[in-house]
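Notes follow the structure.
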Amino acid sequence: MKFLRKPRGRVPVLATVRAKHHVTPNMIRLTLHASSFADIAPNSAGGHCKVILPAAGQDAKTFAVALAKGERPVMRTYTVRNARPESEEIDIDFVDHGDEGPASAFAVSAKPGDVCGFAGPGAPKLTVFDADWYLIAADMSALPVAAAALEALPRDANGIAIFEITSEDDCQHINAPEGIEQHWLVHPNPHLHSDAQLEFLRNMEWPEGEVRTMIAGETGTVSALRLLTRGQRGVDRKKSYASGYWRIGLVEDEHQKVKREETEADEKTLQQNMSVG
């Protein structure tokens, strides 16, 4: 799949909240509007982006001036869930943690007319569809990128999708191909580590043929799944996307450092195992 238009760069634009609703009890969708969204490719769903949030008590005018000056008081990484350039809109889904973090607090209190900054999007994570089957695994934080990937798959694609969600009511309708088996695992407390996805993969019957993976979510879980799929199942590195989006107990800036260190450690372990083998 190719982009119909070149993805935007990292220069932030001022975006206005046009609509808000709960997709499920623990997932809030904000529809953002900016005139520059007319230039975003329609197939941008699944691309990462940066959301820049106003400081506490900062009004829209002051924030717009600060954004134009390059000030970014709070910035978080998210995923474009839908892109509608014809109406200059994008959707971004936020996990509802109440006031626990700045992004969740912004989404919870957001109303039409509120503003934020937006930079991106990057390219979607799954754009090559040459596998015999596909493995998608995600927690609530990565549901938007996983859903976008499933909806972009060829309609005759086969595979397995594993979603770890907070409650049964957080199951979403995803327009995935009929050949994708969807499994929804409930983990009610995301602050506690879960091995549910790992155990599912260990116990499932591994289909024959070449696979492409797209695994995302809590970094500790992603690390374990990376080692299993590539180390034990032999998934080609070039056909494996596995990325930690957050880490229990860490804010985003702290998490990025841990993520780099753990990814490097995983690669070292995999290389050592391959040498021994």
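Okay, residues lined up against (1) touching a residue at least 40 places away in the same chain (Cβ under 8 Å); (2) closer than 19 Å to residue 246 by Cβ; (3) among the hydroxyl-bearing types (Ser, Thr, Tyr):
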site	(1), (2), (3)
34	yes, no, no
40	yes, no, no
46	yes, yes, no
50	yes, yes, no
53	yes, yes, no
59	no, no, no
69	no, no, no
74	no, yes, no
77	yes, yes, yes
Self-check item: Residues satisfying the stated conditions in the range 124-159, i.e. of a type in the set (Asp, Glu) and under 17 Å from the mean Cα position of the chain (by Cα)
Solution: 139, 151
Quiz item: Which residues, counting only those in the range 196-231, are over 27 Å from residue 101 (Cα atoms), assigned to a helix (DSSP H, G or I) and touching a residue at least 40 places away in the same chain (Cβ under 8 Å)?
Solution: 201, 226, 227, 229, 230, 231
Exercise. Working only within the range 115-132, note down all residues that are buried (at least 18 other Cβ atoms within 10 Å of the Cβ) and either part of a helix (DSSP H, G or I) or not aliphatic (A, V, I, L, M) (or both).
Key: 116, 117, 118, 120, 121, 122, 124, 125
Exercise. Could you list, in sequence order, all residues of the range 168-195 that are in a helix (DSSP H, G or I) and either touching a helix residue (DSSP H, G or I) at 6+ places or on another chain (Cβ under 9 Å) or of a type in the set (Phe, Trp, Tyr) (or both)?
Key: 170
Practice problem: Determine whether the range 145-153 contains at least one residue that is of a type outside the set (A, V, I, L, M, F, W, C) and touching a residue at least 60 places away in the same chain (Cβ under 8 Å). | Solution: yes
Practice problem: Tell me which residues, restricted to the range 77-117, are of a type in the set (Val, Ile, Thr) and closer than 19 Å to residue 144 by Cβ. | Solution: 77, 79, 80, 90, 92, 95, 108
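Residue-by-condition table, conditions (1) among the aromatic types (Phe, Trp, Tyr); (2) more than 15 Å from the chain's Cα centre (by Cα); (3) closer than 25 Å to residue 22 by Cβ; (4) surrounded by 18 or more Cβ atoms within 10 Å (Cβ to Cβ):
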{"position": "38", "(1), (2), (3), (4)": "no, yes, no, no"}
{"position": "54", "(1), (2), (3), (4)": "no, yes, yes, yes"}
{"position": "78", "(1), (2), (3), (4)": "yes, no, yes, yes"}
{"position": "86", "(1), (2), (3), (4)": "no, yes, no, no"}
{"position": "91", "(1), (2), (3), (4)": "no, no, yes, yes"}
{"position": "95", "(1), (2), (3), (4)": "no, no, yes, yes"}
{"position": "103", "(1), (2), (3), (4)": "no, no, yes, yes"}
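Laboratory data are not the source of any read-out in this text; all were calculated from the coordinates shown. The structure displayed is predicted, hence computed values, not measured ones. For neighbour counting, all protein chains shown are included, and Cβ atoms are generated from backbone atoms with ideal geometry for every residue, glycine included.
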